[in-house]
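Trainee: Would you mind keeping the following structure in view while I ask a few things?
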Amino acid sequence: MRSAIAALLLALVLATASAFTGTPLNLSRTSPASARSGSSSLVMRERACDLLGKTANRKARVVTFSHKRIHKVQQVNLQWKRFYSDDLGRRVRLRLSTKGIKTVNKYGGIDAAAKKFGVNLAKF
């Protein structure tokens, strides 16, 4: 009886050992989509303005009728906007907050606003 149990345990150990000797998992953070260049690759982006860097207000509170204080997130109003860059000679597509769009209009164009805030438009 003991020899049969020992044989079963030995077979079980060999089966589990052979199951894990295949190709190892790729645990690197780079994906094949990020290896490609271009704006068409699907990459999760942070919800932040490309020009100003505005992010969500995570400390907002809602006070209910019973005066419970509930935390909520106020997201940034982000819009996809295309601007023509004279320096690059092409259109650039940016994800800007509405305040960022007003800032571009204030400076007279995307090139002047990007220069003011240190943004490299060649990435977009």
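No value in this document is a laboratory result; all are computed from the given coordinates. Treat the numbers as computed from the prediction; the structure is a model and nothing was measured. Glycine also receives a Cβ, built like all others from the backbone with ideal geometry; neighbour counts cover every protein chain displayed.
Trainee: Sticking with the crude label model, points 7 Å out along Cα→Cβ, report the distance from K106 to D87 in nm, one decimal please.
Mentor: 1.9
Trainee: Also, I was wondering about something else. Shape of the range 35-108 from its Cα gyration tensor (a ≥ b ≥ c, root eigenvalues): rounded if a/c is under 1.5, otherwise prolate when a/b > b/c, or oblate? Don't skip to the end; give the middle numbers.
Mentor: Details: a/c = 4.53, a/b = 1.95, b/c = 2.32.
Because a/c hits 1.5 or more and a/b fails to exceed b/c, the range 35-108 counts as oblate.
Trainee: Given Y107, L94, Q79, which one lies farthest toward the positive end of the charge dipole of the range 66-118, if we put +1 on the Cβ of every Lys and Arg and -1 on the Cβ of every Asp and Glu?
Mentor: Q79
Trainee: Which whole-Hz couplings ³J(HN,Hα) result when phi for each residue of the range 108-124 is put into the Karplus expression 6.51 cos²θ - 1.76 cosθ + 1.60, θ = phi - 60°, listed in order with x for Gly and Pro?
Mentor: x, x, 6, 5, 5, 5, 5, 5, 5, 9, x, 9, 8, 6, 5, 6, 9
Trainee: Moving on. Sequence neighbours fewer than 8 away in the same chain don't count; with that in mind, list the lysines whose C-alpha is under 18 Å from K59.
Mentor: K68, K72
Trainee: Mind ordering 92-104, 55-67, 72-84 by average Cβ neighbours within 10 Å, highest first?
Mentor: On the way: 92-104: 17.9, 55-67: 9.2, 72-84: 13.2.
Packing order, densest peptide first, comes out as 92-104, 72-84, 55-67.
Trainee: T64 versus V13, label points 7 Å from Cα toward the beta carbon: distance in nm?
Mentor: With each label point 7 Å from Cα toward Cβ, the separation is 5.8 nm.
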